[in-house]
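As structure tokens, the structure follows; a few thoughts come after it.
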């Protein structure tokens, strides 16, 4: 019997793994808008690589409209019993479902900003609100972004940041950016933009007021909606833009520091694997996004006509040509 015990344990282990692969899971994916989809793609690819192929996914997409996002959160709370797991794009969506009603199902954030400021948990190491996920550190990395910006554009002394004080992530990131600007000799002025017409007006006239560049801070409204327009108008008016995701460099942003949405979603899939196999949320601590990197769009920089420190490329991890 003693010799058979290891074989018995091994058989049970293999059987349990196979059962996990054969089981079909139902997952709700709640995102504020299209800007979160890179996280979702990374998440679903990660599940496949982990052997979880049978997944029934239902999307709740807020179309970048706050009232719609709030409405979907309430619907999702009513329908949560249908799902094994609720996956949300960021901290805003997690906040909406947490305040819409009692969370009976685990919630996983694909990449969240200012998690503690949103009061989504009392402790990152031991989740307390049935919510866990990937902390993308987008607010905390703002100081490093400002430092890198001043190394790349040493002649620029005044920049704009577009923010929305209505949201914790934006408020927190903007506060850090302003403080970092003082530390590194850069004047940072926050601007709240209501629509695209106002955005174009500000970008087209910002040089007249002495502002020479834009630093993008994390916020669902910026990530989902404004960034595309910011990059379009900034390139037209030859304004350097520093972004928070390397993925945006491929879309025309001049320089970025952080982790991509795809990478955050892929990392979150490994946490989902634990949750789907029955591990309680409080035993799946928040994880910090892995390996932020510095990316530069060489072509977009060349078309700017703005002086920059070419020695800066010694710091760069990825160059898009």
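The values are calculated or read from the model by the stated rules, or taken from the named source; none is laboratory data. On a predicted model such as this, the values are computed, not experimentally measured, just so you know. Quick reminder, even Gly has a Cβ in these numbers, built from the backbone with ideal geometry, and neighbours come from all protein chains shown.
Some points to look at:
- Residue count for the range 186-209 satisfying the condition of being within 25 Å of residue 147 (Cβ to Cβ) and touching a helix residue (DSSP H, G or I) at 6+ places or on another chain (Cβ under 7 Å): 6.
- Considering the conditions (1) part of a strand (DSSP E or B); (2) modelled with pLDDT under 95, residue 312 is excluded by exactly one of them, (1).
- Yes/no for residue 304 being assigned by TED's automatic domain parsing to the domain that holds residue 28, more than 17 Å from residue 145 (Cβ to Cβ) and surrounded by fewer than 23 Cβ atoms within 10 Å (Cβ to Cβ): no
- Residues in the range 65-83 that are under 24 Å from residue 261 (Cα atoms) and surrounded by 19 or more Cβ atoms within 10 Å (Cβ to Cβ): 69, 72, 73, 76, 83.
- Qualifying residue in the range 236-244 (condition: in the same structural domain as residue 155 (by TED's automatic domain parsing), buried (at least 24 other Cβ atoms within 10 Å of the Cβ), part of a helix (DSSP H, G or I) and more than 16 Å from the chain's Cα centre (by Cα)): no
- Any chance residue 266 is farther than 24 Å from residue 148 by Cβ and surrounded by fewer than 18 Cβ atoms within 10 Å (Cβ to Cβ): no
- Residues of the range 271-300 classified as buried (at least 19 other Cβ atoms within 10 Å of the Cβ), modelled with pLDDT under 95 and assigned to a helix (DSSP H, G or I), total: 1
- The conditions of being over 21 Å from the mean Cα position of the chain (by Cα), in contact (Cβ under 8 Å) with a residue 24 or more places away in the chain and either closer than 16 Å to residue 132 by Cβ or not assigned by TED's automatic domain parsing to the domain that holds residue 164 (or both) are not met by residue 32.
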